[in-house]
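Student: Provided herewith is a single structure, encoded as structure tokens, for subsequent inquiry.
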Amino acid sequence: MQNPSRTNPFLFTLLSVILALVIAALLVLSIGKNPLDVLTNILEGAFRNTNAFTGVLNFWIPLSLACVALIVTFRAGLWNIGIEGQILMGAIFASWGALNINLPPELSPILILIEIGLAIIGGMLWAGIVGVLKVWLGVNEIFGGMALNSLASVWAIYLVAGPWYPEGGSAQSSAPFPSHAVLPGISSEWPVSLFALIITGLALIVVPFLLDRTRWGLQLKATGKNPRSALLLGVATDRIAMSAFLVCGALAGVAGAYRVLFTYGSFRPLASGSIGFLGLLVVLLASSRAVWVPLITFAFSAILAGSTRLRVSMQLDASLAGVLQGTVVLLFLLLGGVRQRIEQNSKAAQSTHKTNAIPDTTSEVISR
């Protein structure tokens, strides 16, 4: 008999996507619009030309980095809600380097590496604080992460309104970074950073390998499944949890650096763009499986990039894309719960059947 747990996850995921599309279609119909026109405009907005497609890639890069980072902490059983602040801190540290480190243009590669290194330090610092609060002070990582998200946002607003306020500018962003301090694009036809694409590709390959093929990855999994048992088996659970936070913070910092060093070319208080929170939805939808991350993040990036066309062509708010994404994740979680309940009932029924099938040898001996 085939084990239903091997086929049900895919079927339930497909069902959640179909139901989300149906709900979105009903919402569009309720306001007198054609759902097929909405889908067509989203696809055209994302893939109509090279610039549109590179826009999808430019959002896919930091989102993929954030999702891979989150999978590390999820594997250790940690809900790193603070990744949004870690992305923002990476952006702040990278922006400081771009604004304050004066190197000649011919040393641009060195300057960019320094800026990315600073971003890694910023992300690791903010994630490390969450880890310290969790491991040594017993503060739940959700509460610690949310508090640090707020602190990072306040600090970002202060920097733009104060020390980084541009001359003759506004409080929306800092002064533009020097041209040699930002990541270069491949070409004018392909405005996307090849360097960032390589880093993202390596992260999508190396991190899953570390999680599935190394002792550190096994220790992360053991800590996430049952920290008490892992501790009894000799796993330093506190150290493993801290390492998960630091690796996550490093990758989040790189994502933040990309936002300011390429997407904007300056620092903005909302540089993170809620990528961390969107990454949480993606990781939930991927069930913490890294192999699905690049596909789901690409789909989400295409929907978000293409949804900007809805306002112009159909007078619809672009937030419709967020409604669709959130509905997919919500239905996936609900149907996942239903699937688990069905599997539990099936296992209980099989256990009962096996128990009833055992002959009552005791009664036979007594009768004899």
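Student: Going toward the positive end of the dipole of the chain, with +1 on Lys and Arg Cβ and -1 on Asp and Glu Cβ, which of 186, 304, 227 do you reach last?
Tutor: Result: 227.
Student: Based on DSSP loop calls and a cut-off of at most 13 other Cβ atoms within 10 Å, the longest stretch of the chain free of exposed GluC sites (Glu not before Pro) is what?
Tutor: For GluC sites (Glu not before Pro) (loop position, at most 13 other Cβ atoms within 10 Å), the longest site-free span of the chain is 190-368.
Student: How far is it, in nm, from the label point at residue 137 to the one at residue 100 when both lie 7 Å from their Cα along the line to the Cβ?
Tutor: Between residue 137 and residue 100, the simple spin-label model gives 2.5 nm.
Student: Continuing with this model, one more query. Round to a whole angstrom and tell me the spacing of the C-alpha centers of the stretch 15-34 and the stretch 89-151.
Tutor: A separation of 40 Å, based on Cα centres.
Student: Let me ask another. Relative contact order for the chain: what is it in percent, counting Cα pairs under 8 Å that are at least 6 residues apart?
Tutor: So the answer I get is 33 percent.
Student: Which residue fluctuates the most in the chain, going by a Gaussian network model with Cα springs under 10 Å, if the choices are 313, 179, 351?
Tutor: Maximum fluctuation in the GNM of the chain, among the listed residues, is at 351.
Student: Quick check: pseudo-label points 7 Å beyond the Cα along Cα→Cβ at residue 313 and residue 289, how many nm apart are they?
Tutor: Each label point is offset 7 Å from its Cα along the Cβ direction, giving 3.3 nm.
Student: Output the 0 to 90 degree angle, nearest 10, between the alpha-carbon long axis of helix 141-161 and the longest principal axis computed from the alpha carbons of the chain.
Tutor: 10
Student: Can you tell me the FRET efficiency between residue 334 and residue 34 if r is taken as the Cβ-Cβ distance and R0 is 35 Å, rounded to the nearest 0.05?
Tutor: For R0 = 35 Å, the calculated efficiency reads 0.80.
Student: Using +1 on the beta carbon of Lys and Arg, -1 on that of Asp and Glu, and nothing else charged, what's the dipole of the stretch 194-348 about the Cα centre, debye to 20?
Tutor: Computed charge dipole of the stretch 194-348: roughly 280 debye.
Student: Which of 249, 138, 201 moves the most in a Gaussian network model of the chain with Cα springs under 10 Å?
Tutor: Comparing 249, 138, 201 in the GNM, the peak value goes to 138.
Student: Here's a follow-up. Please state the charge dipole magnitude for the stretch 8-143, taken about the Cα centre, from unit charges on C-beta atoms (+1 on K and R, -1 on D and E), reported in debye and rounded to the nearest 20.
Tutor: About 260 debye.
Student: In degrees between 0 and 90, to the nearest 10, how far off the longest principal axis of the chain does helix 8-30 point, with axes built from Cα atoms?
Tutor: Here the helix axis deviates by roughly 50 degrees.
Student: Another question about this same structure. What is the Rg over Rh value, at two decimals, for the chain, using alpha-carbon atoms and the Kirkwood definition of Rh?
Tutor: Reported Rg/Rh, Kirkwood definition of Rh: 1.07.
Student: Further, regarding this structure: What FRET efficiency would be calculated for the residue pair residue 345, residue 186, taking the C-beta separation as r and a Förster radius of 35 Å, to the nearest 0.05?
Tutor: The computed FRET efficiency comes out at 0.05.
Student: Who wins for biggest fluctuation among 183, 285, 233 in a Gaussian network model of the chain, springs between alpha carbons below 10 Å?
Tutor: So, out of 183, 285, 233, the one fluctuating most is 233.
Student: Among 264, 332, 251, flag the residue with its Cα farthest along the positive direction of the charge dipole of the chain, charges on Cβ as +1 for Lys/Arg and -1 for Asp/Glu.
Tutor: In the chain, that residue is 332.
Student: I would also like to ask the following. Between the stretch 41-61 and the stretch 155-220, what is the separation of their alpha carbon centroids in Å?
Tutor: 19
Student: Roughly how tilted is helix 293-314, in degrees to the nearest 10 and between 0 and 90, from the longest Cα axis of the chain?
Tutor: Taking Cα atoms only, the helix is inclined about 60 degrees.
Student: Which FRET efficiency, nearest 0.05, do residue 11 and residue 231 yield, Cβ-Cβ r, R0 56 Å?
Tutor: That pair, residue 11 with residue 231, gives E of 0.90.
Student: Moving on to the next point. Counting Lys and Arg as +1 and Asp and Glu as -1, what is the net charge of the other residues whose Cβ lies under 14 Å from the Cβ of residue 57?
Tutor: Local net charge: 0.
Student: Which order do the peptides 252-262, 125-135, 293-303 take when ranked by the mean count of other beta-carbon atoms within 10 Å per residue, highest first?
Tutor: 252-262, 125-135, 293-303
Student: To make sure I understand, if each residue's beta carbon is the centre and we count other beta carbons within 10 Å, what order do 146, 89, 124, 242 fall in, fewest to most?
Tutor: In order of increasing Cβ crowding within 10 Å: 146, 242, 124, 89.
Student: If you don't mind, there's one more thing I want to ask. As a footprinting exposure proxy, order 264, 158, 165 by other Cβ within 10 Å, with the fewest listed first.
Tutor: 158, 165, 264
Every number here is computed from the coordinates shown, using simple stated rules; none is lab data. Quick caveat: nothing in here was measured; it's all calculated off a predicted structure. Here Cβ is always computed from backbone atoms with ideal geometry, including for glycine, and neighbour counts include all displayed protein chains.
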